[in-house]
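Written below as structure tokens is the structure these notes are about.
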Protein chains: 2
Amino acid sequence: MSRCHVSKTDAAHFIQQCMEAAGSNTAHAKALAEVLVEGDYRGHFSHGLNRLDMYVKDIQSGICSAQGEPLVEKETAATALVDGRNLLGPVVGNFCMDLAIQKAREAGIGWVVAKGSNHYGIAGFYSMQALKHGMIGMSFTNTSPLVVPTRAKECTLGTNPLSVAAPAANGDSFVLDMATSSVALGKVELYARNNEKVPYGWGCDHQGKVTENPEEVLDGGGLLSLGGSELTGGYKGYGLSMMVEIFCGILAGAAYSKNVRTWRVTDRVANLGQCFVAINPNCFAPGFETRVSDLLQIHRNLEPISGNDAVLVAGDPEKQHMDQCDAKGGIPYHINVVKHMNSVAQKLNVAALPMDV
Amino acid sequence: MSRCHVSKTDAAHFIQQCMEAAGSNTAHAKALAEVLVEGDYRGHFSHGLNRLDMYVKDIQSGICSAQGEPLVEKETAATALVDGRNLLGPVVGNFCMDLAIQKAREAGIGWVVAKGSNHYGIAGFYSMQALKHGMIGMSFTNTSPLVVPTRAKECTLGTNPLSVAAPAANGDSFVLDMATSSVALGKVELYARNNEKVPYGWGCDHQGKVTENPEEVLDGGGLLSLGGSELTGGYKGYGLSMMVEIFCGILAGAAYSKNVRTWRVTDRVANLGQCFVAINPNCFAPGFETRVSDLLQIHRNLEPISGNDAVLVAGDPEKQHMDQCDAKGGIPYHINVVKHMNSVAQKLNVAALPMDV
């Protein structure tokens, strides 16, 4: 595969320039750039630069608001309902997570729910903000319907991700950042392009039947919830996805379930629901970070099945990816992604990303 | 299978009598009886009467405390750390859930963590207590190590269940109550007794290799996390199990991970960690219960793959089981369970359960 390495600074600057050219104000453009670059840096390329054109289009068409600030509609010492006012997801997410952390400092926990939001990038970006304050962070979002519930044939739920981050000693951490579906749609698309079978349990066809043919998943079928078929526990993943929906669309009074707009169809306002939580470990037993470190070490030190594949904890694969980026001096983007984004930039009169291939 | 039907009242009375005879005070014995009967009534027979002898033994041996009350060690408007003082799990659980609900009434949310607890029966018993107050309830517990992490060979995590309950209109509800493993150990034992293969993804052998042979799972192997193998997303279930551990053992300063005592070995105090949460939907967008109802109906009304298996939502299988119990005038216990418990009762000089076979 042809890759070129782009520094985090260059990538962020490029995204910010494009968003500003599309009509975003500087602060909002910067917030989006930061989240997308972090997604790529952590190795979640499906939630980074390659989605820039979607955000540009949303701002240019006016489907997403380019100016303004989120608004607290209702609050208590430990909770808040925020109207995202149809701003970019990261603008809403940062606002809500800040508020949750502030509340957790006083009340021990902050549980903040947003309506009127948009795609916010990787869920982990927000949960991880709590780490800097020595707190546990959580973030949840509903998303466009791509997942078929257990026993059904129709997509009614999104990949509805959840993220939980917990600080360990010496800057180490646990960072779970996962879709509640078996896999992301992008992975199925990749298998389809390579003409490969997908593992049993990833998706189903238009009749709701589990299939190993990626084309059937993409053509009127859908993803399965974590756990796969009913026999292997797919109903649990389906329940978790519904839990995320309850914390997001339902609690916030935003769009929910099959009423969330279709993926990649930006004909109307998204009105996503999102949920942000901070928990202050100081309100519980002393020595939290030391125990988290011990829990992580217990697992990292386990003898692996195969010598080459060490036992990891949530967040470790991302740390490995970041180390690779640092060693190579940049994020290894696929050349086609850079080419495509440069064509987007050209239309906006923004200077192209350098390609070092 | 030979079943006999026992009314909820008779079953609860029987359990209470046995626990009192073993040395529990009346209130504690009653609390345990209520949880175990609710487990059976909801169809979770692995968490009901059939565990009575374990609780009796714990009280008789003094491994679990028979007298006293849980103690709040630390609190804020929205949080508390509770010392369960080694009392029966349901005594600790009820205390903590009451406190969480009380806090949620004032602060919008209550997040209560307990150390020094014991097995508390079904997680859903506690989350559902929030429903009566129109609130979302959650409950988590760590448990004895039975689950092998992704890429490892050794059990370091329990089946670490989580439960989330949310009220809908007219007494309807969403009740997710699930282990974060693919299945419960009891299911694997059942397959072993019947000489049947287990589905791929339920468990692994002592080398960490996924196996369909239930004997290999039980003999030095272990359960897999929700998602099964790494390829089908088992690392996500592993992450969820770790999340539960962080909310429970780690936050509470209780036993955690492989330091939790071995399943069925009651040679030392359990010191389980548990977590109880109540969230007041009135602090967020109005109309919560109506939206939950709509979400449930969207799913229940989906066209099923097969005509016989309607699409359900979390909590519906339990509702069906309770309806069956009501129609038959009691909980359908396996005759061997009743026989065994009657032999336990005989040693305690407690009158046997009637058997209507």
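The values are calculated or read from the model by the stated rules, or taken from the named source; none is laboratory data. Note that the structure is a prediction, hence the values are computed from the model and not measured. Ideal geometry is used to build each Cβ from the backbone, glycine not excepted, and the neighbour counts take in all protein chains shown.
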Open item on the list: So for segment B:162-176 (the condition being in a helix (DSSP H, G or I), among the small types (Gly, Ala, Ser) and at pLDDT 95 or above), does at least one residue qualify?
Closed with: yes
TODO: Restrict the check to segment B:58-65 and report whether at least one residue is assigned to a helix (DSSP H, G or I), touching a Ser or Thr at 6+ places or on another chain (Cβ under 9 Å) and within 16 Å of residue B:348 (Cα to Cα).
DONE: yes
Task: Residues being over 18 Å from the mean Cα position of the chain (by Cα), of a type outside the set (Lys, Arg) and within 18 Å of residue B:148 (Cβ to Cβ) - total across segment B:225-270 - done: 12
TODO: Check B:134, B:203, B:158 and return the single one that is modelled with pLDDT of 95 or more and within 30 Å of residue B:283 (Cα to Cα).
DONE: B:134
TODO: From the list A:85, A:3, A:105, A:51, pick out the single residue that is basic (Lys, Arg), surrounded by fewer than 23 Cβ atoms within 10 Å (Cβ to Cβ), at positive phi and not assigned by TED's automatic domain parsing to the domain that holds residue A:193.
DONE: A:85
TODO: Look through A:150, A:79, A:156, A:141 and report the one residue that is more than 14 Å from chain B (Cβ to nearest Cβ), in contact (Cβ under 8 Å) with a residue 12 or more places away in the chain, among the β-branched types (Val, Ile, Thr) and crowded, with 20+ Cβ neighbours inside 10 Å.
DONE: A:141
Open item on the list: Can you tell me how many residues within segment B:72-117 are under 30 Å from residue B:348 (Cβ atoms), of a type in the set (A, V, I, L, M, F, W, C) and assigned to a loop (DSSP other than H, G, I, E, B)?
Closed with: 2
TODO: Scan segment A:182-201 for residues that are buried (at least 21 other Cβ atoms within 10 Å of the Cβ) and among the hydroxyl-bearing types (Ser, Thr, Tyr) and jot them down.
DONE: A:182, A:191
Task: Test for residue A:69: is it in a loop (DSSP other than H, G, I, E, B), modelled with pLDDT of 95 or more and among the charged types (D, E, K, R) - done: yes
TODO: Please work out which one of (1) buried (at least 24 other Cβ atoms within 10 Å of the Cβ); (2) within 14 Å of chain A (Cβ to nearest Cβ); (3) touching a Lys or Arg at 6+ places or on another chain (Cβ under 9 Å) is the condition residue B:136 fails and give its number.
DONE: (3)
TODO: Would you point out the residue of segment A:28-47, among those that are closer than 13 Å to residue A:89 by Cα and surrounded by 20 or more Cβ atoms within 10 Å (Cβ to Cβ), that is modelled with the lowest pLDDT?
DONE: A:47
Task: helices (runs of 4 or more DSSP H) completely within segment A:200-315 that count 3 or more residues being within 7 Å of chain B (Cβ to nearest Cβ) and either out of contact with any Pro (no Cβ under 7 Å at 6 or more places or on another chain) or of a type outside the set (Asp, Glu) (or both) - done: A:234-245, A:288-300
